[in-house]
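Worksheet: one structure, shown below.
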Amino acid sequence: MAYIKAISYYLPEHIVTNEELLKEFPEWSVDKVAAKVGVNSRHVAAADETATDLAEKAARKLFRENGVSPNDIDFVLLCTQSPDYFLPSSACILQDRLGIPTSAGAFDYNLGCSGCIYGLAVAKGLIAGGIAKNVLILTAETYNKYLHPTDKSDRSIFGDGAAACLVSTDGFAEIGEFVLGTDGSGANNLIVKTGAARQRTATGVSVTDDEGHTWYDDYLYMNGGAIFNFTLDAVPAMMTEVLAKNNIQKEDVDYYVFHQANKFMLNTIRKVCVLPKDKFYVNLEETGNTVSSTVMIGLRDCLDNGTIHEGMQVMCAGFGVGLSWGGVMLKLSR
């Protein structure tokens, strides 16, 4: 069996409020942004602060808060789409910076909104295979570095941040069965087109759509409508499969912690899936969408405020860039 033993997270010091964004986009309304997106402020990494830096701080916080020694870690997984370098893997850099033994395995995996769930699946597999006993999952993203200054929509949604999760042979939450999925036909709906091998140099190309949104090849492009429709197709079916694989009825799920995409999308998912409002986590007000870290941040917040506790069964899910999705049940023992 594999268990979550500890969770911590770290958010950059610099905070950008809606009021500050509205100075750049005076045509907006603070109330409208907060009501639809659900974000009042977001943390943004400094110019010289990378996802690796955020991951290191989240890991050190986990060690400190939970009395965990780096010497106990025998595998490091880093989920990020903003690594320090094409090579080497940032997870290798973190092994050294965190003082984790050289006998530990370490690698990055490039995934976004579903990355936390995928990390839990890989960690469970490593433990089940006898390859590792203490797997440190790190999720870290600095999407704001990919956003064009005039992209008011995405700048209102995304925040930077990192989370750390220790998966071990014992802990407070037993990790159940997974449902994972991929639809690469939607890859172009959430993409940074330049900078890697397909197109290494910037193009400067931009396109304005029918709604007046300008998309830049050299910055993050998100087709919000397409991502919204994908989510409404994928998540209800995924939920049904997660219930079946874990032999649990919908009414026996005590709480749902899903990827915090934006308030409107989450509320729509809740209504389509007919989930009770008091069992469904929505809290992006001070963090925004931190991509792969939202689920872990949500779990830690729920643990801290007593929303989830011993004896509860919690469904976690992530969905987005890839396109990809994943879901799992957690059974809390303490």
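The values are calculated or read from the model by the stated rules, or taken from the named source; none is laboratory data. On a predicted model such as this, the values are computed, not experimentally measured, just so you know. Neighbour counts run over all protein chains shown; Cβ positions are idealised from the backbone, glycine included. To get the accessible areas, we keep the full protein, side chains included, count just its heavy atoms, and leave off ligands, DNA and RNA. Shrake-Rupley method; radii C 1.70, N 1.55, O 1.52, S 1.80 Å.
All but one of (1) under 19 Å from residue 293 (Cβ atoms); (2) without any contact (Cβ under 8 Å) to a residue 60 or more places away in the chain; (3) assigned to a helix (DSSP H, G or I) hold for residue 83; state the number of the condition that does not hold.
(3)
Given (1) in a helix (DSSP H, G or I); (2) polar (S, T, N, Q); (3) at pLDDT below 95, where does residue 144 come up short, assuming only one miss?
Just one mismatch for residue 144, condition (3).
Cβ-Cβ under 9 Å, sequence separation 6+ or interchain: first residue in the range 103-128 and more than 14 Å from residue 139 (Cα to Cα), partner modelled with pLDDT under 95 and surrounded by fewer than 24 Cβ atoms within 10 Å (Cβ to Cβ). Which pairs?
124/1; 127/1; 128/1
Given (1) outside any loop (DSSP other than H, G, I, E, B); (2) open to solvent by 20 Å² or more (accessible area, probe 1.4 Å); (3) touching a Ser or Thr at 6+ places or on another chain (Cβ under 9 Å), where does residue 278 come up short, assuming only one miss?
Checking residue 278 against (1) outside any loop (DSSP other than H, G, I, E, B); (2) open to solvent by 20 Å² or more (accessible area, probe 1.4 Å); (3) touching a Ser or Thr at 6+ places or on another chain (Cβ under 9 Å), the one that fails is (3).
Determine which single condition residue 112 fails, assuming it passes every other condition in (1) under 21 Å from residue 191 (Cα atoms); (2) out of contact with any Leu (no Cβ under 9 Å at 6 or more places or on another chain).
For residue 112, the failing item is (2).
Inspect all residues belonging to the range 62-69 and state whether any of them is crowded, with 16+ Cβ neighbours inside 10 Å, within 26 Å of residue 125 (Cβ to Cβ), of a type outside the set (S, T, N, Q) and without any contact (Cβ under 8 Å) to a residue 60 or more places away in the chain. Even if it seems obvious, please write down each step before you answer.
Quick first cut of the range 62-69, residues crowded, with 16+ Cβ neighbours inside 10 Å only: 62-63, 68.
Those still in the list that are within 26 Å of residue 125 (Cβ to Cβ) too: 62-63, 68.
From what's left, of a type outside the set (S, T, N, Q): 62-63, 68.
Among the residues that remain, those that are also without any contact (Cβ under 8 Å) to a residue 60 or more places away in the chain are: 63.
Among the residues of the range 62-69, at least one is crowded, with 16+ Cβ neighbours inside 10 Å, within 26 Å of residue 125 (Cβ to Cβ), of a type outside the set (S, T, N, Q) and without any contact (Cβ under 8 Å) to a residue 60 or more places away in the chain, which makes the answer yes.
Of the conditions (1) part of a helix (DSSP H, G or I); (2) surrounded by fewer than 17 Cβ atoms within 10 Å (Cβ to Cβ), residue 131 fails just one. Which one is it?
(1)
So in the range 197-236, with the set limited to residues that are open to solvent by 50 Å² or more (accessible area, probe 1.4 Å) and assigned to a helix (DSSP H, G or I), which one is farthest from residue 275 (Cα to Cα)?
Only one residue tops the list, namely 229.
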